[in-house]
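A.B. asks: What follows is a structure written as structure tokens; I'll ask about it next.
The values are calculated or read from the model by the stated rules, or taken from the named source; none is laboratory data. Note that this is a predicted model, so its numbers are computed, not measured. FYI the Cβ positions are ideal-geometry reconstructions off the backbone, even for glycines, and counts take in every protein chain you see.
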Amino acid sequence: MSENQELNRGKNLAYYCQHFTKLKTSNRLGPNAEYKPILLLSIIDLITQGLINNNQITVSEELRSTFNKHWDILSSGTYEGKDKLYFPFFYLKSEGFWHIEFKNNPLKRPPRSLEKFQDVVDYASLDPELFELLQDQNSRKELIDVLIANWFSANQKDIKELMVINERFQKDNNEEESSINLSNQQKKQPKSYLRKSVVRDGIFRKAVVHTYNYKCAFCGMKVTMSIKQNIVDGAHIKPFARFYDNRIDNGISFCKNHHWAFDKGLFTITDDYKIIVSNNFLEESPNSKPMKEFNSNQLWLPNEKGASHSKQKYFFPIYSLFPVPRSGVP
Ligand SMILES: [Zn+2]
């Protein structure tokens, strides 16, 4: 470990995950005002898209419109937050990892309009350790999952809200797609904000794995950790990159191993929920049941009482990136 790494050891991914669960909210606005998590999610989205590419985050038009878009989709509607980007941008400094550079003298309160705020604030920067972590896809995913799990899905009621949020993302996505189809001008520079949104992916994953009670549909494995993290991923049955379908019916929950195997086409699933395993791979599994022994098994599906939708509504086309031998299909 280098001297630098030694010094920075405290500010690692676990540190920021923990910090993101405990964002301070204003007494006046109430304990659940979502301003700060929505701003952080917006910033992470813009970093992922390469629209924030250095650690001097300005009150830009992109940040304003991304924050507003997320506010429309994610907020509970209890607070007026749209166009109030200056609130979280200013008060996030109380968290210690967000540092504001003012153009002149530092202010104690934010001016009450975005234009005035832009006049006094030069930029904000994240802790360099946090900005560095946000350049990594896996760390971003983990930080997004922590924000969503803590701020938008903490209890059963919030999970229902999450389903609604997922539908709103899908609806906006469909509208965006039709506007892209309508206009050649937009085709040249497609406004594909929602398709690229890592926040949308996070909401979809969370809603899917909750529907499956955090179990792998292939092997039934369930492992959960204290900060609401678990071993399963919400995956798309029909790949999102081709079908843009983020409805829960197009989601399935797999543990890390079986998610990877599904994406690589090592098994597929039939429309009557059976697993068909490919013969085209080698497997050694001395301490657990080999994948090939799951051939012809039924998938583990959410029970109808717990699920937000009935089993009959599932649609499982036989799909895989590499076609599996069809001889085994019943
Ligand atoms: Zn599994």
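A.B. asks: Tell me, yes or no, whether the range 31-39 has at least one residue that is at pLDDT 90 or above, touching a His at 6+ places or on another chain (Cβ under 6 Å), within 22 Å of Leu162 (Cα to Cα) and surrounded by 16 or more Cβ atoms within 10 Å (Cβ to Cβ).
C.D. replies: First pass over the range 31-39, keeping only residues at pLDDT 90 or above: 36-39.
If we keep only those that are touching a His at 6+ places or on another chain (Cβ under 6 Å) as well, we get 38.
Among the residues that remain, those that are also within 22 Å of Leu162 (Cα to Cα) are: 38.
Those still in the list that are surrounded by 16 or more Cβ atoms within 10 Å (Cβ to Cβ) too: 38.
Yes; the residues of the range 31-39 include at least one that is at pLDDT 90 or above, touching a His at 6+ places or on another chain (Cβ under 6 Å), within 22 Å of Leu162 (Cα to Cα) and surrounded by 16 or more Cβ atoms within 10 Å (Cβ to Cβ).
A.B. asks: Okay, moving on. Among the residues of the range 54-63, is there at least one that is touching a Leu at 6+ places or on another chain (Cβ under 9 Å) and within 22 Å of Asp201 (Cα to Cα)?
C.D. replies: yes
A.B. asks: May I pose another question? Among the candidates Ile57, Ile100, Ile52, single out the residue that is under 23 Å from Phe20 (Cβ atoms) and under 20 Å from the mean Cα position of the chain (by Cα).
C.D. replies: Ile52
A.B. asks: Please give the strands (runs of 3 or more DSSP E) falling wholly within the range 212-285 in which 3 or more residues are among the aliphatic types (A, V, I, L, M), in contact with a Phe, Trp or Tyr (Cβ under 9 Å, 6 or more places away or on another chain) and within 16 Å of the ligand (Cβ to nearest atom).
C.D. replies: Counting at least 3 such residues, we get 275-277.
A.B. asks: Further question on the same structure: Give all pairs with beta carbons closer than 7 Å in which a residue from the range 207-218 that is touching a residue at least 40 places away in the same chain (Cβ under 8 Å) meets a residue that is in a helix (DSSP H, G or I) and within 12 Å of the ligand (Cβ to nearest atom); count only pairs at least 6 apart in sequence or on separate chains.
C.D. replies: Listed by first residue and then by second, the contacts come to Cys216/His258; Phe218/His258; Phe218/Phe294.
A.B. asks: Let me ask you something else. List the pairs whose first member sits in the range 287-301 and is farther than 14 Å from Ala217 by Cα, whose second member is assigned to a helix (DSSP H, G or I) and basic (Lys, Arg), and whose Cβ atoms are under 9 Å apart, counting only residues at least 6 apart or on separate chains?
C.D. replies: none
A.B. asks: Please list, ordered by first then second residue, the pairs with beta carbon atoms under 7 Å, 6 or more apart or interchain, first in the range 74-95 and at pLDDT 85 or above, second of a type in the set (Gly, Ala, Ser) and part of a loop (DSSP other than H, G, I, E, B).
C.D. replies: Tyr91/Ser26
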